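Only one structure is covered here, and it is reproduced in the block below.
The values are calculated or read from the model by the stated rules, or taken from the named source; none is laboratory data. Quick caveat, the model's predicted, so the values are computed rather than measured. Here the Cβ positions follow ideal geometry from the backbone for every residue, glycine too, while neighbour counts run over all protein chains shown.
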Amino acid sequence: MSENKQISYDPNWQEKYKRMIATPEEAVKKLKPGNRVFIGTGCAQPLELVQALANRHAELPDTEIVHLLTFGKAPYAAKELSDYFRVNSFFISENVRDIIQEGLGDYTPIFLSDIPRLFSSGQHPLDVALIQVTPPDERGMCSLGISVDIVKSAAENAALVIAQVNPQMPRTLGDSLIQVHDLDILVPVDTPLIEILPPEVTDVTRKIGANIAGLVEDGSTIELGIGRIPQAVLEFLWEKKNLGIHTEMFTDAIMDMIESGVITGKNKSVDRGKIVASFCLGTKKLYDYIDNNPLFSFHPTEYVNDSYVISQQQKMVAINVALEVDLTGQICADSLGTRFYSGIGGQVDFNRGAARSHGGKAIIALPSTAKNGTVSRITTSLSKGAGVVTTRGDVHYVVTEYGVAYLHGKSVQERALALISIAHPDFRQQLLEEAIEAKYLRRELADVEGKIRVGPEELKTTMLLDNGTQINFRPIHPTDEPRIKDLFYNLSQQTIYYRFMKEIKRIPQKQIQDFVYIDHRNEVAIAGTLPEAYGEDIIAIGRYYLNPKTNKAEVAFIVQDQWQNRGIGTFLLKYLITIARRNGIDGFTAEVLRDNKAMQVVLNNCDCKVKTHVQEGVISYQLDFN
């Protein structure tokens, strides 16, 4: 232990509790063949005890090793020891993945919040718990330090608790303490904890992080699941204000955001001002930072992962990752086909909690491809043997580097189109064809140039004018190019100037393509049409363009002169707001010339919170839906 670290424990603890003290070798002699042994989690894995256990393997046949996510060496998971130790993991980490995938170990799929009940109910009784704690303080209280999660429940329910007592373990506050007399054997060590460097952020994960950050509002409370993507989000939250943290785990990346004032927790509904977590993974810098730091409140999994507790936070944002998603919205996060890879963890706990939170957002993120771009992670159907972690009924936002798909409450057709639009471009045409073959999409939705450009049929609606004229509204379509030209050339110069803020005599072909070749989520365009003998005429267009960095969209619409002042603009704005809300967008922005009084009336009278700013003859509008 470094000399300048503040001592938060009783310096005479070894003398006071000497009858409880043993070496690692002496301690593990208490284990018997056939025992079920729990191993402490994360970076708090008690390595000396684990190695002593492995060294005694010949005397411990049929021993079941139970654990969650662990780092560092796992000598009990060696193939040659599989006749003695049977690994049973609630979450598969790299150090046991091979033996489980070879069928020589077990994986127990379970919601993280349910694990403590397995121990306490006796359904999964523990004979021994090998854990790591701080030395006891003057009151005889030890801290579980950087891993409280399911360790506290394991220690409370195991018949024999052997604790590796390490002064280099930081003393974390919250519900993280255990009385020394609730431990059976104390094994003094003074060794550095396992350290995990911050995950490498790639170009792809950076883009995903930016897309997710656009969904995070000021004052939100966030959960960051494990992996590169959730940590990449932090890079893009520097301009946010008063964020809170209620999460399973965090890493070193959190420190700078606290010091810069981005994370304050002042708007949290529960545990205001506190960073709540059940474990952390990081370096010694992080461990020193959280030591005796009252800003951090470590709690067991049964509190942190309780969906009800999570749902009490206003604007709770849960960010978790997936391995694969099918076009109906089923999320696979724990297996690659029949090969188990990780675990359910807390994804469902937090996804459901955030979905029930007022203003909350449940987000599942994944790169669009795997295996160096050769495989799409967005698939028509999940891989053979792949399991569903988050059901299609639970999914809300799905994010890739290509954008955001909002699925909750959407039809299968809407889901398929939304997910294809955020798939890698190389796979969109294939996915479209497969979706049509699977009857997820109607056959006529096959589109041009191998890109998804057709809006969902469900966006059709109608409006009845005072004189009985019915206006039909539908998504823009690639075949609308000639109709867009007809609309433009039937507009007055004043209408064109108000819409484009400049005089335009000719509309370029590229601009027409920009109108019709859109993804129908980040860009939505609705055409108002009148039936004619030869088909239909477009008399109005309303559209928005999403800025993913702010999760607000720029809105604009245009109505043919002879149909102006009939309520069509007001109808279009209300309908675009409805669509944007369904897509999880937070608001609209608009730029309006000071002379364009009609547009100002429409915007000023919408059912939103309206803010304006005037500069050089242009009024900037911000419409907040919430």
Here are SER220, SER269, SER278: which of them is closer than 24 Å to SER176 by Cβ, buried (at least 19 other Cβ atoms within 10 Å of the Cβ) and not assigned by TED's automatic domain parsing to the domain that holds SER93? SER278
Single condition ASP326 does not satisfy, out of (1) closer than 24 Å to ASP519 by Cβ; (2) surrounded by 24 or more Cβ atoms within 10 Å (Cβ to Cβ); (3) at pLDDT 95 or above: (2)
Answer yes or no: is there a residue in region 340-361 that is within 20 Å of THR205 (Cα to Cα), assigned by TED's automatic domain parsing to the domain that holds ASN242 and within 14 Å of the chain's Cα centre (by Cα). yes
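Every residue, every condition in (1) surrounded by fewer than 15 Cβ atoms within 10 Å (Cβ to Cβ); (2) of a type in the set (A, V, I, L, M); (3) more than 22 Å from VAL524 (Cβ to Cβ), yes or no:
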site	(1), (2), (3)
GLY569	no, no, no
THR578	yes, no, no
GLY587	no, no, no
MET599	no, yes, no
VAL614	yes, yes, yes
ASN626	yes, no, no
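Can you report the number of residues in region 592-608 which are acidic (Asp, Glu) and within 27 Å of ASN626 (Cβ to Cβ)?
Step one: of region 592-608, the residues acidic (Asp, Glu) are 595, 607.
Within this subset, residues satisfying the condition of being within 27 Å of ASN626 (Cβ to Cβ) are 607.
Residues in region 592-608 being acidic (Asp, Glu) and within 27 Å of ASN626 (Cβ to Cβ): 1 in total.
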For the list (1) farther than 23 Å from LYS207 by Cα; (2) surrounded by fewer than 21 Cβ atoms within 10 Å (Cβ to Cβ); (3) out of contact with any helix residue (DSSP H, G or I) (no Cβ under 6 Å at 6 or more places or on another chain); (4) among the charged types (D, E, K, R), I need the number of the one condition that ASP334 fails. (2)
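Scan region 248-282 for residues that are of a type in the set (Gly, Ala, Ser) and free of Cβ contacts under 8 Å to residues at least 40 places away in the same chain and jot them down. Outline the logic, then answer.
Pass one, region 248-282, residues of a type in the set (Gly, Ala, Ser): 253, 260-261, 265, 269, 273, 277-278, 282.
Correct list: SER260, GLY261, GLY273, ALA277.
Evaluate the following for ARG36: is it out of contact with any Asp or Glu (no Cβ under 8 Å at 6 or more places or on another chain), under 17 Å from VAL161 (Cα atoms), modelled with pLDDT of 95 or more and basic (Lys, Arg)? First the steps, then the outcome.
Details: out of contact with any Asp or Glu (no Cβ under 8 Å at 6 or more places or on another chain): no; under 17 Å from VAL161 (Cα atoms): yes; modelled with pLDDT of 95 or more: yes; basic (Lys, Arg): yes.
So ARG36 fails the test.
Considering every residue within region 143-150, establish whether at least one is surrounded by fewer than 23 Cβ atoms within 10 Å (Cβ to Cβ) and either farther than 19 Å from LEU47 by Cα or touching a residue at least 60 places away in the same chain (Cβ under 8 Å) (or both). Steps first, answer last, please.
So the first thing to find is which residues in region 143-150 are surrounded by fewer than 23 Cβ atoms within 10 Å (Cβ to Cβ), and the list is none.
Looking through region 143-150, none of the residues is surrounded by fewer than 23 Cβ atoms within 10 Å (Cβ to Cβ) and either farther than 19 Å from LEU47 by Cα or touching a residue at least 60 places away in the same chain (Cβ under 8 Å) (or both).
Under the condition of being under 29 Å from the mean Cα position of the chain (by Cα) and assigned to a loop (DSSP other than H, G, I, E, B), which residue from region 548-567 is surrounded by the fewest Cβ atoms within 10 Å (Cβ to Cβ)?
That would be LYS549.
Could you tell me whether region 419-427 includes any residue that is free of Cβ contacts under 8 Å to residues at least 40 places away in the same chain, within 21 Å of VAL204 (Cβ to Cβ) and not hydroxyl-bearing (Ser, Thr, Tyr)?
Kept after step one, since they are free of Cβ contacts under 8 Å to residues at least 40 places away in the same chain, are these residues of region 419-427: 425.
Filter again for within 21 Å of VAL204 (Cβ to Cβ), leaving 425.
From what is left, the residues that are not hydroxyl-bearing (Ser, Thr, Tyr) are 425.
The answer is yes, given that some residue of region 419-427 is free of Cβ contacts under 8 Å to residues at least 40 places away in the same chain, within 21 Å of VAL204 (Cβ to Cβ) and not hydroxyl-bearing (Ser, Thr, Tyr).
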Filtered residues of region 537-547 (kept if touching a residue at least 40 places away in the same chain (Cβ under 8 Å) and surrounded by fewer than 20 Cβ atoms within 10 Å (Cβ to Cβ)): ASP537, ASN547
Can you find a residue that is under 18 Å from GLU324 (Cβ atoms), in contact with a His (Cβ under 9 Å, 6 or more places away or on another chain) and of a type in the set (Val, Ile, Thr) anywhere in region 389-412? yes
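Mind listing just one residue for me: the one in region 416-445 that is outside any helix (DSSP H, G or I) and under 24 Å from the mean Cα position of the chain (by Cα) and, of those, farthest from ILE363 (Cα to Cα)? Full working, then the answer.
Keep residues of region 416-445 that are outside any helix (DSSP H, G or I), which gives 422-424, 438-442.
The next check asks that each one be under 24 Å from the mean Cα position of the chain (by Cα); those that pass are 422-424.
On the way: ILE422: 14, ALA423: 16, HIS424: 19 Å.
The qualifying residue farthest from ILE363 (Cα to Cα) is HIS424.
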Applying the selection to region 349-382, what residues are part of a loop (DSSP other than H, G, I, E, B) and either surrounded by 17 or more Cβ atoms within 10 Å (Cβ to Cβ) or of a type in the set (Phe, Trp, Tyr) (or both)? SER357, GLY360, LEU366, PRO367, SER368, ARG377, THR380, LEU382
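Residue by residue, here is whether (1) closer than 23 Å to GLU217 by Cα; (2) in the same structural domain as ASN472 (by TED's automatic domain parsing); (3) not aliphatic (A, V, I, L, M) holds:
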site	(1), (2), (3)
LEU572	no, yes, no
THR578	yes, yes, yes
ILE585	yes, yes, no
ASN596	no, yes, yes
ASN604	no, yes, yes
GLN615	no, yes, yes
Pairs with Cβ under 8 Å, 6+ apart, first in region 387-413 and assigned by TED's automatic domain parsing to the domain that holds GLY337, second aromatic (Phe, Trp, Tyr) and assigned to a loop (DSSP other than H, G, I, E, B): VAL412/TYR440; GLN413/TYR440
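Kindly indicate whether ILE226 is in the same structural domain as VAL304 (by TED's automatic domain parsing) and crowded, with 22+ Cβ neighbours inside 10 Å. Steps first, answer last, please.
Working: in the same structural domain as VAL304 (by TED's automatic domain parsing): yes; crowded, with 22+ Cβ neighbours inside 10 Å: yes.
Answer is yes for this residue.
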Qualifying residues in region 301-322 (those that are surrounded by fewer than 21 Cβ atoms within 10 Å (Cβ to Cβ) and part of a loop (DSSP other than H, G, I, E, B)) - the one modelled with the lowest pLDDT: GLN314
